[in-house]
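One structure is given here, and the rest of the page talks about it.
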Amino acid sequence: MNPTLLCFDRDLRLTDRAIFAALEPGTQIVPLLVLDRRRIERIARNPRRAAYFCAAVEALDAELRLRGSRLLVRRAPLDTTIRSVARATGARVVAWSKRYDPAGAREDLRLQAIAEEHGMRALAVHEAVAVDPERFAIDDEGDAGFRSFNAFYRRWRAPESVRSPVDAAAHLSPSVLPSEPLPHPEEFAASCFPGTVGERVARAELERFVNDRLVEYARAVRTPALPTSGLGLPLSYGLLSGRDVVRNVCKRLEDPFLLAEERAGIERFLRAMARRDFLLFAGCDEAPQPEERLFTRASAEFAALAEARTGFPLVDAGMRELVATGTMHPAVRSVVASFCCFDLGLDWRVGMEEWERYLTEDEPALAIGNWRWSAGLRVDMHFPRIIDPQRQFLRGDPQARYVRRWIPELALLSDARQLHAWQDRQLALDFFEIERYPRPMLDHRARAVAFLERYSLWRAATQPVGALRSSR
Ligand SMILES: Cc1cc2nc3c(=O)[nH]c(=O)nc-3n(C[C@H](O)[C@H](O)[C@H](O)COP(=O)(O)OP(=O)(O)OC[C@H]3O[C@@H](n4cnc5c(N)ncnc54)[C@H](O)[C@@H]3O)c2cc1C
């Protein structure tokens with residue numbers, strides 16, 4: 001039987017691969033990594049991502065070698081590589097994991113066209129999502145199932161939705177063709193990733209989270225000082241499958257002695273994983289929305305946000321966490337994104353592009369979906385949901401544990417209320433460091449009101465009365 005070329009891009013693992021089940025039993029697989037110009041440019045844009053990617057590729061190659069194969073690396077244009085490797089191996093099929101963001105979807109189309117041009121079958125498989133997209137096929141009422149998150153979630157959460165593991169093993173071809181060296185961080189002007197990476201490490205992280213921290217997830221997800229699962233990073237490089245994560249978490253529900261707290265954590269976590277699938281399915285939608293005209297592409301005030309000196313402690317702490325670690329607590333992300341879109345009046349792409357410089361996780365469809373969502377351009381309904389950053393600070397971080405961790409100028413504070421009193425000039429504090437931290441750069445309430453007024457005027461001019469819900 002002719003072998004299949006398996007192009008690795010985002011799903012850098014061998015276990016629980018839907019692609020193996022989609023191939024005829026016994027098909028030999030040639031694992032291929034093509035680093036063409038576009039790919040190299042994309043990787044080089046963010047040194048953290050480059051480092052993590054290289055470490056994940058190295059771990060993948062080690063897994064392949066354990067199974068008697070190895071990764072075939074080529075630094076050449078995609079079309080000539082596919083043609084030459086197919087010729088040398090006799091491959092008749094090119095398979096890969098489907099991508100969900102607009103640029104990724106264009107890459108999918110390009111790969112498909114290349115395969116077809118060379119008379120090969122193109123096979124793109126849904127690997128990242130936890131639940132089969134077929135479950136959301138258009139129903140009798142013409143509802144595509146993923147227009148509204150709540151409707152989506154009901155179907156997603158149905159017991160039969162959780163897929164069983166894909167246990168089809170790959171038949172990996174022994175390496176016959178010479179490979180170029182594996183990608184190395186230096187190639188992308190990056191340093192080595194300071195930790196261990198790979199599918200085994202990711203599965204161990206998942207197990208630790210399910211056993212030790214799932215119990216407090218419901219609290220952690222709204223409390224910036226507490227860690228959430230951290231699984232977004234390995235999920236975004238496909239070191240774990242969404243299926244695997246959901247299955248492992250659902251297994252806990254079988255425990256008859258489950259604490260109410262843990263049940264709440266599981267439900268909250270599953271909702272987060274469902275949101276991931278929801279936004280991945282919706283990820284390719286890049287049609288500009290008319291509301292986007294209410295936002296601007298540039299503002300001199302943006303520098304204060306980028307430098308984490310807005311005077312809004314939760315916003316600044318979030319930006320400092322991002323720059324220092326490559327991630328930001330999920331509860332703080334929405335606050336910073338709302339501040340960027342509504343208080344500064346900036347187009348969602350401005351904030352997203354800034355974050356892209358620092359984030360290690362690499363899931364463009366989730367970045368786009370969440371930023372649009374934060375700007376009020378939800379998939380299912382459009383309206384501005386403006387978050388008050390000071391109220392969120394008091395609510396989510398009352399002891400200022402998170403803020404003090406990331407803003408050393410505020411390290412001597414006793415709690416969030418004390419900071420508020422100082423910022424409102426109702427309290428004088430005689431420690432020097434606090435004077436180095438700015439007071440709020442703008443009046444949040446005034447900005448929110450101004451935005452809503454602009455929004456209402458625009459709405460009245462463009463939409464019939466009562467048509468607040470927009471169904472795209
Ligand atoms: C403005 C904004 C931008 C974001 N940008 C990105 C991004 O670039 N890349 C990215 O992977 N995630 C992004 N997210 C989603 C979410 O914040 C991260 O996935 C999460 O912080 C990762 O940390 P965690 O794994 O500890 O999350 P947990 O809270 O432990 O969540 C578990 C998993 O659920 C999924 N999940 C949780 N929240 C969301 C969400 N809002 N949307 C989709 N999936 C979710 C993720 O896969 C996550 O790993 C963004 C959210 C916001 C509000």
Every residue from region 336-366 that is touching a residue at least 40 places away in the same chain (Cβ under 8 Å) and within 19 Å of Leu280 (Cα to Cα): Trp348, Arg349, Glu356, Leu359, Thr360, Glu361, Asp362, Glu363, Pro364, Ala365, Leu366
So Ile407 fits all but one of (1) within 16 Å of the ligand (Cβ to nearest atom); (2) modelled with pLDDT of 95 or more; what number is the exception? (1)
Per the list (1) in contact (Cβ under 8 Å) with a residue 12 or more places away in the chain; (2) surrounded by fewer than 20 Cβ atoms within 10 Å (Cβ to Cβ), residue check on Arg372 breaks on (2)
Any residue at all in region 417-425 that's free of Cβ contacts under 8 Å to residues at least 60 places away in the same chain, touching a helix residue (DSSP H, G or I) at 6+ places or on another chain (Cβ under 6 Å) and either closer than 26 Å to Ala448 by Cα or not assigned by TED's automatic domain parsing to the domain that holds Arg219 (or both)? no
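What number of residues in region 357-390 are of a type in the set (Asp, Glu) and either near the ligand (Cβ under 10 Å from one of its atoms) or part of a strand (DSSP E or B) (or both)? Break it down into steps so the answer makes sense when it comes.
The first filter runs over region 357-390 and keeps only residues of a type in the set (Asp, Glu), leaving 361-363, 380, 388.
With the extra rule that they be either near the ligand (Cβ under 10 Å from one of its atoms) or part of a strand (DSSP E or B) (or both), the set shrinks to 361-363.
Final tally of qualifying residues: 3.
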Could you grab me the full set of residues in region 66-116 that are exposed (fewer than 15 other Cβ atoms within 10 Å of the Cβ) and without any contact (Cβ under 8 Å) to a residue 40 or more places away in the chain? Leu66, Thr80, Ser84, Arg87, Arg106, Leu109, Arg110, Ala113, Glu116
Out of everything in region 71-80 that is of a type outside the set (Gly, Ala, Ser) and assigned to a loop (DSSP other than H, G, I, E, B), what residue ends up being nearest to Asp108 (Cα to Cα)? Pro77
Among what's in region 396-427 and is in contact with a Pro (Cβ under 8 Å, 6 or more places away or on another chain) and part of a loop (DSSP other than H, G, I, E, B), pick the residue that is nearest to Arg320 (Cα to Cα). Ile407
How many of the residues making up region 208-219 are in contact (Cβ under 8 Å) with a residue 24 or more places away in the chain and under 29 Å from Ala50 (Cα atoms)? 1
Residue check: is Val125 at pLDDT 90 or above and crowded, with 16+ Cβ neighbours inside 10 Å? yes
Considering only residues of region 222-244 that are modelled with pLDDT of 95 or more and in a helix (DSSP H, G or I), which is farthest from the ligand (Cβ to nearest atom)? Pro234
By residue number, the members of region 261-278 that are surrounded by fewer than 20 Cβ atoms within 10 Å (Cβ to Cβ) and either near the ligand (Cβ under 8 Å from one of its atoms) or closer than 24 Å to Asp101 by Cβ (or both) are Arg271, Ala272, Arg275
With respect to Ala303, determine if the residue is within 25 Å of Asp415 (Cβ to Cβ) and either assigned to a helix (DSSP H, G or I) or touching a residue at least 24 places away in the same chain (Cβ under 8 Å) (or both). no
Taking region 316-335 and the residues there that are without any contact (Cβ under 8 Å) to a residue 40 or more places away in the chain and among the hydrophobic types (A, V, I, L, M, F, W, C), the one that is nearest to the ligand (Cβ to nearest atom) would be Met328
So which residues in region 45-70 are more than 21 Å from Asp108 (Cβ to Cβ), touching a strand residue (DSSP E or B) at 6+ places or on another chain (Cβ under 9 Å) and either among the aliphatic types (A, V, I, L, M) or not in a helix (DSSP H, G or I) (or both), if there are any at all? Leu64, Arg67, Gly68, Ser69, Arg70
Conditions: (1) surrounded by 19 or more Cβ atoms within 10 Å (Cβ to Cβ); (2) out of contact with any helix residue (DSSP H, G or I) (no Cβ under 6 Å at 6 or more places or on another chain); (3) in a helix (DSSP H, G or I); (4) not small (Gly, Ala, Ser). Val323 meets all but one. Number of the miss? (1)
Given the residues Glu180, Glu199, Glu205, which is the only one that is touching an Asp or Glu at 6+ places or on another chain (Cβ under 7 Å), surrounded by 12 or more Cβ atoms within 10 Å (Cβ to Cβ), at pLDDT 95 or above and more than 16 Å from Arg49 (Cβ to Cβ)? Glu199
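Of the residues Ala103, Ala62, Ala51, only one is in contact with a Pro (Cβ under 8 Å, 6 or more places away or on another chain), at pLDDT 95 or above and not assigned by TED's automatic domain parsing to the domain that holds Thr360; which? Even if it seems obvious, please write down each step before you answer.
Values: Ala103 fails: at pLDDT 95 or above; Ala62 fails: in contact with a Pro (Cβ under 8 Å, 6 or more places away or on another chain).
Result of the check over Ala103, Ala62, Ala51: Ala51.
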Do you know which residues across region 397-408 are touching a residue at least 24 places away in the same chain (Cβ under 8 Å) and surrounded by fewer than 20 Cβ atoms within 10 Å (Cβ to Cβ)? Gln399, Arg401, Arg405, Pro408
Provide a single number: the residues in region 209-221 that are touching an Asp or Glu at 6+ places or on another chain (Cβ under 9 Å) and either among the hydroxyl-bearing types (Ser, Thr, Tyr) or within 7 Å of the ligand (Cβ to nearest atom) (or both). 1
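The values are calculated or read from the model by the stated rules, or taken from the named source; none is laboratory data. Because the structure is predicted, anything quoted here is derived from the model rather than measured. As a convention, Cβ positions derive from the backbone with ideal geometry for all residues, glycine included, and neighbour counts pool all protein chains shown.
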